[in-house]
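The values are calculated or read from the model by the stated rules, or taken from the named source; none is laboratory data. Everything numeric here is computed off the predicted structure, so don't read it as measured data. Cβ placement follows ideal geometry from the backbone for every residue including glycine, while neighbour counts extend to all protein chains displayed. These accessible areas exclude ligands, DNA and RNA; they are computed on the full protein's heavy atoms, side chains included. Shrake-Rupley method; radii C 1.70, N 1.55, O 1.52, S 1.80 Å.
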Amino acid sequence: MDFVEAEGDTIDEAIDNALKVLRVERERVTVDILEEGSRGFLGIGSKKARVRASLRKAVMLEEGEEADEQGAAKEPLSEDQKAALGEKGRAVLAEILRLMGLEATVETQKGEAADEIVLNVRGPYGGLLIGRRGQTLQALQYVVGRIVAKQEKGAGIRFVVDTEQYRERHRKKLEDTALRLGETAKRERRTIALDNLSARDRRIIHLTLEDDPWLTTRSQGQGPYRRLLIIPQGDRRKKEEENAAPGPTVAKPEK
């Protein structure tokens, strides 16, 4: 079971109920808030809070959005297969750039994940290729992935298009932002919401803050309205350990 939906009188109670079903600790899941819940008036019209808890191994790519779009591999690829697919992706991207009237070279590099290949573009068109907030790179990445997946009959690999080390610079900026906002959330004891983030950006923030015992992060909403919440939780690890600890054993009276 990769995810479960659960209800409770509060969001925290709903999360606890989901964790009991999945039998995992809080840091092993990503939580989506489906319904905030409300008390109603004098108990009339009250609604339960409802959440979806997904195991992190299934959401490391933030619900697999990018992997699904590009047909990521289900089975591990051999080095020869990866090299062949990488060359296919390089050729496709080079042809796209040629048709755009851009003279640039494309190099293949190993990605962070086993099924990931980076296509690094070298040329004097960095700003043009990056686009606003990396949107042009994302578009090129999507098109290359779809073309290769179709030509290779679904053989999966995830392509990451990069230029001028934009990905690394962007990651560092996101990590710094996550740490800064995390400190603000803890200091001011308030939840901070971030909108307009890509699946990859949300994943980076989740991973940056996941080891902070005083914070938790959740994704809320669906599609273009999806947002990421940075929530001060007190010492959540201590709470999780206490919740996971078995209760005292009560001896039964002898008959």
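Compared with the alpha-carbon gap, the fully stretched path from residue 28 to residue 9 is longer by 4.6 nm at 0.36 nm per residue. When a 1.4 Å probe is rolled over the protein heavy atoms, the share of accessible surface on segment 80-229 that falls to carbon and sulfur comes to 51 percent.
Protection proxy ranking for 84-93, 158-167, using the average of other Cβ atoms within 10 Å per residue and placing the highest first: 158-167, 84-93.
Between residue 193 and residue 81, full extension at 0.36 nm per residue minus the direct alpha carbon distance yields a gain of 36.2 nm. When the Cα atoms of segment 130-233 are aligned to their principal axes, the ranges along those axes come out at 52, 29, 23 Å in descending order. Averaged over residues, the count of other Cβ atoms within 10 Å places the peptides 132-139, 7-14 in the sequence 7-14, 132-139, highest first. Taking θ as phi - 60° and the Karplus parameters 6.51, -1.76 and 1.60, the scalar couplings of segment 113-129 work out to 9, 5, 9, 10, 10, 8, 9, 9, 9, 10, x, x, 10, x, x, 5, 6 Hz in sequence order, x denoting glycine and proline.
A simple packing score, the average count of other Cβ atoms within 10 Å per residue, orders the peptides 110-123, 187-200 as 110-123, 187-200, with the highest score first.
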